[in-house]
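Everything on this sheet refers to the single structure shown next.
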Amino acid sequence: MRLLFIATLLAVNLFALERCAMLTQKVRVAHFKEFGTSFPYQYAVAQLEQESGCRASISNDGVGSQGVAQITYRWWKPVLDKHGITEIGSIQGSTRAQAVIMRHLHVTGRPLWITYQRYNGGDWVLKEIKKAGVENWEKAKAQCTRGNSHFTLKNGTVQTRNNCDINYEYSKNIFKYGKQYGDIKDNAQYHFW
């Protein structure tokens, strides 16, 4: 039984990796338009893996997140409208919206981990950085006091997770997964850490 579970888990991960690899060029083009060609787009592909397993779907999150980038249109409508983006359910619409939102969130000179955490958990990370007095992942996490979230799993059980762990794990996963999808090195303009 355990071997079957492990085999199933590996197959699911391989399918996600394959789906994400097929999106690489679309993500690359969308992010190069927003950030320029020195942007390490592979992190944006990793973000899609983290958000949806690179599936164009509507989330069960209760807030209407959709597409491969799991964007909630009503939250991002003013930003997306400025760029003529009215549809985010398709892969094209979702990857374009992802790039526009990331550009909106990114502050030049700041590490990308901050931008990705803002995408995932809002501006809480900025408050934690301010309390830490430095843009350092470990020190900012040490200042995090966000509480817990409760998730109902498919089998009906409720899982409780700390919101600090969720948000700070997000940027670590983006960095780790990104290595699979591209080779643009972090640089003076765009560095992850």
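Tabulated data for the structure shown
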| item | result |
| --- | --- |
| Extension reserve of the residue 130-residue 25 stretch, reckoned as 0.36 nm per residue once the Cα distance is removed | 34.2 nm |
| Highest average packing first - 109-120, 166-177, Cβ atoms within 10 Å | 109-120, 166-177 |
| Proximal lysines relative to residue 172, as straight alpha-carbon distance under 27 Å, when same-chain residues fewer than 8 apart are discounted | 26, 33, 127, 130, 131, 139, 141, 154, 185 |
| Dipole-positive endmost among 124, 71, 92 within the chain (Cβ charges, Cα centre) | 124 |
| Point-to-point label distance, residue 57-residue 143, nm (Cα→Cβ direction, 7 Å offset) | 3.6 |
| Potential extension, residue 75-residue 87 segment - 0.36 nm per residue separation minus Cα distance | 3.0 nm |
| Cα centre as origin, Lys/Arg/Asp/Glu Cβ charges: the chain dipole, Debye | 160 |
| Computed Rg/Rh of the chain, alpha carbon atoms with Kirkwood Rh | 0.96 |
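Since every read-out is calculated from the coordinates, none of them should be taken as a lab result. Here the structure is a predicted model, which means the values were calculated and not measured. Quick reminder, even Gly has a Cβ in these numbers, built from the backbone with ideal geometry, and neighbours come from all protein chains shown.
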